[in-house]
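Right, one structure below, let's go through it.
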Amino acid sequence: MSARRGHSILRKNKIHNRTHRILALVPVEHAPSDTSDKSENNSDKLSVNDDPLNYLYLFFSEDIFTDLVDQTNLYSVQQTGRSIQVSENEMRDFISIHILMGIVEMPCYLDYWSNRFRYGQIADIMTLKRYQQIRRFLHFTDNNLQDSGRYYKVRPIAEKIRRNCLRQENENKFSIDEMMIPYKGRKAGNRKQYMKDKPSKWGFKNYVRAGVSGMIYDFILYAGHFPSTKEDMGRCKFCQKNTTVYCIKCNVRLCFVTGKNPRNCFLHFHNK
Ligand SMILES: [Zn+2]
Ligand SMILES: [Zn+2]
């Protein structure tokens, strides 16, 4: 555990008078371990004793916060010539504000800071002005590295969350199905889709491998590219092993294997 990480999560000097700061409440020893090393230990595995914050960190790991900070600061420089110098702690606050906004919903984000409806759990964490500043420049990837993928703006973060999902201990039985990530906004163009049979009908189509418990272990975030199966076996275009799975859009055979040694050639093929 690095001193830097422990310090940035705990913020000892502020925690006593700002106990509502939900993302700051984790003790240092409970902070998530570096997720880059698979064999290190088991502390990144899910356990029934985990508190909600640990649970969040299993998927939204430390390195994702670092990326958010780097990319947001970079984007502010690209746009204005000056960095807004958001810190990792501020980014944690920003994310915690959004989690709270999903629980205590108000018609407009300005309401949380308004005189009439002021909601201290959010308004006390950050000034409205700072919140708007981070919101304006929030970025997940360097625009200069743009590729043709439809999700390139969130791809690096989505890939890291996926990697964290893959690291969870697998169950024995899986279900593979389409899932909807709810989104009702207007800024996603044709990435936003409609599925009439889902609880959230509008959003981003996601193809997931989930366990019986509902936990997601793998997913594919590709609009229009979804795996289906053929009756006969054929060689996977990526790894050459036999498979019945293929991409309905590219009409190319690609494995999507579950179980003890999962293999997702479907994703690797579309990522290359
Ligand atoms: Zn394959
Ligand atoms: Zn495809």
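Each value in this text was obtained by applying a stated rule to the coordinates, not by laboratory testing. From a predicted model like this one, the values you see are computed outputs, not experimental measurements. Counting neighbours? That spans all protein chains shown, and the Cβs are built from the backbone with ideal geometry, glycine included.
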| said: Please determine whether any residue of the stretch 99-111 is under 26 Å from Tyr217 (Cα atoms) and surrounded by 15 or more Cβ atoms within 10 Å (Cβ to Cβ). | reply: yes
| Taking strands (runs of 3 or more DSSP E) that do not extend beyond the stretch 213-272, which have at least 3 residues that are surrounded by fewer than 15 Cβ atoms within 10 Å (Cβ to Cβ), away from ligand 1 (no atom under 12 Å from the Cβ) and touching a residue at least 12 places away in the same chain (Cβ under 8 Å)? | 227-235
| task | Kindly check whether there is at least one residue in the stretch 137-156 that is closer than 30 Å to Ala210 by Cβ and small (Gly, Ala, Ser). | result | yes
| field | Among residues of the stretch 229-252, those that are in contact with a strand residue (DSSP E or B) (Cβ under 7 Å, 6 or more places away or on another chain) and within 11 Å of ligand 2 (Cβ to nearest atom), counted | value | 5
| field | Filter result for Phe204 (within 22 Å of the chain's Cα centre (by Cα) and under 27 Å from Lys153 (Cβ atoms)) | value | yes
